[in-house]
1. Tell me, how many Å apart are the Cα centres for segment 181-230 and for segment 381-451?
2. Please work out whether segment 201-330 counts as rounded, prolate or oblate from its C-alpha gyration tensor, where a ≥ b ≥ c are the square roots of the eigenvalues and a/c under 1.5 means rounded, while otherwise a/b larger than b/c means prolate and anything else oblate?
3. Within straight cross-link reach of LYS466, meaning Cα distance under 13 Å, which aspartates and glutamates are found once same-chain residues fewer than 8 apart are removed?
4. If we sort 152-164, 54-66 on the protection proxy, mean other Cβ atoms within 10 Å, highest first, what's the order?
5. Mind sorting THR415, THR349 by how few other Cβ atoms lie within 10 Å of their own Cβ, fewest first?
6. What lysines could a cross-link reach from LYS296, if we take a straight Cα to Cα line under 17 Å and drop same-chain neighbours fewer than 8 places away?
7. For ILE464, ILE249, what's the fewest-to-most ordering of other Cβ within 10 Å of each Cβ?
8. Give me the dipole magnitude in Debye, nearest 20, for segment 30-171 about the Cα centre, with unit charges on the beta carbon: positive for Lys and Arg, negative for Asp and Glu.
Amino acid sequence: MKTKMITPEERDRAFVSARKPEVNERQRLNVRYHVEDYDVADRPRRFLEAFAAILKHSNYRLALDHYIRLSAKCSRCAVTCQVFQATGDLKDIPCYRSELLLSIYRRHFTMGGMLRGRLAGTGHLTDEKIEEMAESFWNCTACRRCALECPSGIDHGLLTHLGRYILSEIGIAPRALVVSTREQLEGDSGNTSAIPVPALIDTLEFLSDDMQEEKGVAIKFPLDVEGADYVFFPAVSDFLMEAETLMGIAAVFTATGDSWTTGTGYFDGINYGLFYSDRILERVVKKIDAETRRLKGKNVLIGECGHASRSAKYFLPVYCGGKDAYPVINIMEYTHRVWKEGRLKLDPTIVTQKVAYHDPCNIARQRWIIDKPRELLKDFCPNYVEMTPSGEDNICCGGGGGTVSIDEIRPYRTTVGGKLKADQIRKSGCEILVAPCANCKKQLRELVEDQKIDCAVVGLHDLIYKAIIFDESLKVPARPDDHNGEEE
């Protein structure tokens, strides 16, 4: 008996009709773009010029020449893409997105493509295709989970990044990212949160006073110390929103006595260039290098933030000295090392709730930091539970690739991009979710709120601050004002 062959068109119609109605009717991603002042009708020419310039001054051509010789249409990546799993929209399959860019390269930047295009008079880049790319590339969370599944080894995350880079060169980029990076690179404050140095100093002094009152230990945030072992660059938003994380980090250094400092010349680990522009990426990385050199530091220490850690660790050697670049260490690596050495003690009776750990994509996908935070948590959290999948196969928070910074798409992030993550958190039953990344924390807090999950989202060092045990020699006498004005 013959088996009836199903055409690709019939398969697609059947697949789309099987999608959930509530997902079918969901409003698509709506990003407010920063657009330069030029004739919109001229965008295809400008796009191709920007593409050509990037190919000339980078090594992207090597990857593109390889990828166009492979199959980028098998859709195996669909099984790992959480956006596609939530929407069922064929346009959200990673290889469909990649083919948008590869088709342009094949048509306009290869000899065969240019000859066929001229003979047939077809395949020219249009403004409609640019619009489709802009929407598609910013639907992606850039988690790179699809790269683990691709049988051809195509890095769809890299192609999404390149597509965003080209678009940004012609002024098509989310306004939220453009405004933040302009303040960081050209503004008076020099950081993405526009925090002036006096405000930074006041904040750190307030936190020091608060910690001494609570812990009975003089915990300081050293500033502009030359020759320190570690020059500290957290996500600058931590100074506004993650006080407990900073307090935990300061407490660890107080317990160990190792030298560290924050520089007032530059103190922002955030690098949005990783999400959309290599030019921005390079300029921000060089600011970190310059500040470390100014302070004569020995190592670059990044806070818990995943993308800040990845951009510094992998791109300081690219842009700032190669093998002679400053070593980059994530704070969780430092804390794990001093704990293993016996220089950090944690009380296992303080945190009794059910605790789970979320792997930030930027430090887990390439298996950089996976086990260390888990070993720490299991040491002092007796009710630790594991979420699956985890580690290099983790599920993204749903706000990766810079999308968490775009507040106008919060409903999309928490009901589409973060749907699988919400299901995973709910299934674990955790009461505390440890998310060591500034972007992940923001996204996950909005996610559990919108999805009505009863779970607190904190950083690793938030819990370490609660459980840390200080040596008695570090205790200081209580100050008079610590008694709230009561007479002794």
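Read-outs: derived from the displayed coordinates by stated rules, not from any lab. All values derive from a computational prediction rather than experimental measurement. Positions of Cβ are generated from backbone atoms using ideal geometry, with glycine treated the same way; all protein chains shown enter the neighbour counts.
1. 28 Å
2. prolate
3. Leaving aside aspartates and glutamates fewer than 8 places away in the same chain, those within reach of LYS466 are GLU214, GLU244, ASP347.
4. 152-164, 54-66
5. Going from sparsest to densest Cβ surroundings: THR349, THR415.
6. LYS286, LYS287
7. Placing the least packed residue first, the sequence is ILE464, ILE249.
8. Once rounded to the nearest 20, the dipole reads 600 debye.
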